[in-house]
Structures are given as structure tokens and as C-alpha cells.
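Engineer: Dumping the structure here so I can ask a few things about it.
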Amino acid sequence: MSDTKPTKQEMGRRGFMRLLGELSATAAVCSGAAAVALQNTPAAARTEAEFPAKGPVPGYDWTKHRWAFGVDTTRCIGCLRCVEACKVENNVPFNPNDYRTWVERYVYLEGEDKPRVDSQDDPVNIAAADIPTNYRFANRYKGDKVEKSFFVAKLCNHCENPPCVQVCPVGATYKTPDGVVLIDKNYCIGCRYCVQACPYGARYFNEETNTADKCTWCYHRITKGLKPACVEVCPVQGRIFGDLNDPGSEINEFIRTHRVRVLKPWTGNGPHVFYNEIDSEVS
């Protein structure tokens, strides 16, 4: 064996080749792990073609339904019973930051062209609540001349072309055959890409579960023939839910008898939440 020491160039070359070998080995391991993960992927996280033929619940055929939601802003009184019911029904953290559904207040004051908007993230409304885990609409316009005001309920739009599904790197966010966008929390890695991709602000990061979360239209209820919790508790029937495949459903009647529009139609997302009597400023 020669006692000649390797040059810096040779040492660099050897180190580079050793690095390539380590990367190749790592790639092989990752490739094998990915293959195993794909084999074990639940139906919920796969493509629509791989979904179970009938659906996740016995007696429920998700190929025969196409769900949609309606919001009648002429009825909403801003009582927030829907918000509270949603938190209880879906184990949403009881703090003033996390919501699957919320209500915004739009107020047009005399002499102003644009509405003033306040809602769940407004410190004044949070301070007006009887408990620090919620919010209430503060009586801040008591001394002003209000020309017009109304409340607008917000929630996940369960889009026809959901951008959140497109950006999810692990397939945790997916769309079911009946049109509902869900999150498989067993696969969510908490990257928050979907939170950023949603143009409606309908997603949040749940720090208790370290996963993304949002409205599911109470999928565990509607697949059993029940209404979403927020629809069930609304005292003025301002929230409407139903099956677009059923000509006699409440949602079809709402769309047929009202001048409805969706939020941000120019995005091409195809929202399935339809609003009655909202201004262009509502987005």
C-alpha cells in the first residue's frame, strides 16, 4: 500500500461518490416506504375511482347524492347559535380564533360607499362576549346613522374544483363522490398549504390535533339522513341544506325561488354554497 496521502481533489471526489451512494440508499428506502404507504392508503385518501362503490356508511350510497348549501341573508339575525352548535357538534376548540363556520356583519353608514365588516376575529366583538371563548356583535354603531346592515354566514364552500385538494401534498384533503370536501386527519401533516390555498378563509389549523380543519357539512350527520348542526339550530331558517339530485329538495327550491350567487365566482372553483341578496362587496 502506498504511503502517499490523497490530494484534496481526490478526497473531494471520494466524498462526493460516498454522498451519492448514501442518497441512492435513502431513495431506495423512501421508494419502498412510499409503495407500502400506497398499499395501506385508506379509500378516503385515494382517487375517486378507488372509492367504495356505495360509500362510507351502511345504507348510504354516495353516488346518488350531490349536496349543496344555501344562506338567506335576509333572514339571518346574527344570533350565532349556528356557530356554537358547530363547535359542540364537531369538537372545534373553544377559543375565539378557531371556527368551522362564522357570521360576518356588514354595515353601511350614511355617507360611506363601502361597508364596515366585523366578525369573529374582531377584538371588540370578542370582548363583547359573555365568555372569552366566543364572540358577540358589539353595539358599536349605536350613535351612527345606518343606511343598511345585514349578516352573512360563512363556511367551507365545498367547491366543484377545490384548490385545497390540488395543493395537498399527501392526499389528506379529498373530495367525495357526493361533492363534499373532507380531510383525512390520519394523513394530514399540518403543512397548512390548504389553509393558504382557500380563497374563502374557510380553513384553520387546529393546534390541539396539529392538523388542518374546516366545515364538513356535518358529514357524519348527513350520511345518516340528518341535517348539519348549524341548519338544525337556526331559529329563522336562514341556512338551507339539501340534495341537488332531488328536484323537490329545500336547496333546489331555494335556488329556484331566489336570486342567488356564489362567492368569488371568477376563481372558477365552483362553490356549492349559494347566497341570497348579497352585495358585490361580500366575498
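Engineer: Can you tell me which residue in region 97-115 is farthest from ASN210 (Cα to Cα), limited to those that are under 17 Å from the mean Cα position of the chain (by Cα) and assigned to a loop (DSSP other than H, G, I, E, B)?
Structural biologist: Looking at residues that are under 17 Å from the mean Cα position of the chain (by Cα) and assigned to a loop (DSSP other than H, G, I, E, B), I get THR101.
Engineer: Among the aromatic types (Phe, Trp, Tyr) and either loosely packed, with under 15 Cβ neighbours inside 10 Å or part of a helix (DSSP H, G or I) (or both): which single residue out of PHE94, PHE137 fits that description?
Structural biologist: Checking each option against the conditions leaves just PHE94.
Engineer: Okay, moving on. Would you check which residues across region 46-81 are in a loop (DSSP other than H, G, I, E, B), at pLDDT 95 or above and either touching a strand residue (DSSP E or B) at 6+ places or on another chain (Cβ under 6 Å) or surrounded by 17 or more Cβ atoms within 10 Å (Cβ to Cβ) (or both) and list them?
Structural biologist: HIS65, ARG66, THR73, ARG75, CYS76, GLY78, CYS79, LEU80, listed by residue number.
Engineer: Another question about this same structure. Can you tell which of CYS194, CYS218 is under 30 Å from PRO115 (Cα atoms) and in contact with a Lys or Arg (Cβ under 9 Å, 6 or more places away or on another chain)?
Structural biologist: CYS194
Engineer: Going through region 168-203 one residue at a time, which ones are hydroxyl-bearing (Ser, Thr, Tyr) and under 13 Å from the mean Cα position of the chain (by Cα)?
Structural biologist: Passing the criteria: THR173, TYR174, TYR193, TYR200.
Residue-wise test of (1) touching a strand residue (DSSP E or B) at 6+ places or on another chain (Cβ under 8 Å); (2) in contact (Cβ under 8 Å) with a residue 12 or more places away in the chain; (3) assigned by TED's automatic domain parsing to the domain that holds ILE278.
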{"site": "LYS145", "(1), (2), (3)": "yes, yes, no"}
{"site": "GLY190", "(1), (2), (3)": "yes, yes, yes"}
{"site": "VAL195", "(1), (2), (3)": "yes, yes, yes"}
{"site": "PHE205", "(1), (2), (3)": "yes, yes, yes"}
{"site": "VAL233", "(1), (2), (3)": "no, yes, yes"}
{"site": "ASP246", "(1), (2), (3)": "no, no, yes"}
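Engineer: Moving to a separate point now. What pairs come out if I take residues in region 68-79 that are in the same structural domain as CYS215 (by TED's automatic domain parsing) and more than 28 Å from THR176 (Cβ to Cβ) and pair them with residues that are of a type in the set (S, T, N, Q) and part of a loop (DSSP other than H, G, I, E, B) whose C-beta lies under 8 Å away, six or more apart or interchain?
Structural biologist: Cβ pairs passing all conditions: ARG75/GLN237.
Engineer: From the set of residues in region 260-281 that are closer than 16 Å to ASP72 by Cβ and at pLDDT below 95, which is surrounded by the most Cβ atoms within 10 Å (Cβ to Cβ)?
Structural biologist: Within region 260-281, the match that is surrounded by the most Cβ atoms within 10 Å (Cβ to Cβ) is ILE278.
Engineer: Keeping to region 140-156, report how many residues are out of contact with any Asp or Glu (no Cβ under 8 Å at 6 or more places or on another chain) and assigned to a loop (DSSP other than H, G, I, E, B).
Structural biologist: Within region 140-156, residues that are out of contact with any Asp or Glu (no Cβ under 8 Å at 6 or more places or on another chain) and assigned to a loop (DSSP other than H, G, I, E, B) number 5.
Engineer: Within region 231-283, track down each residue that is among the polar types (S, T, N, Q), assigned to a loop (DSSP other than H, G, I, E, B) and under 17 Å from TYR106 (Cβ atoms).
Structural biologist: SER280, SER283
Engineer: In region 192-220, how many residues are at positive phi and either part of a helix (DSSP H, G or I) or of a type in the set (Gly, Ala, Ser) (or both)?
Structural biologist: The qualifying residues number 1.
The values are calculated or read from the model by the stated rules, or taken from the named source; none is laboratory data. The structure presented is a predicted model; accordingly, all values stated were derived computationally and were not measured. Neighbour counts are summed over all protein chains in view; Cβ atoms, including those assigned to glycine, are modelled from backbone coordinates with ideal geometry.
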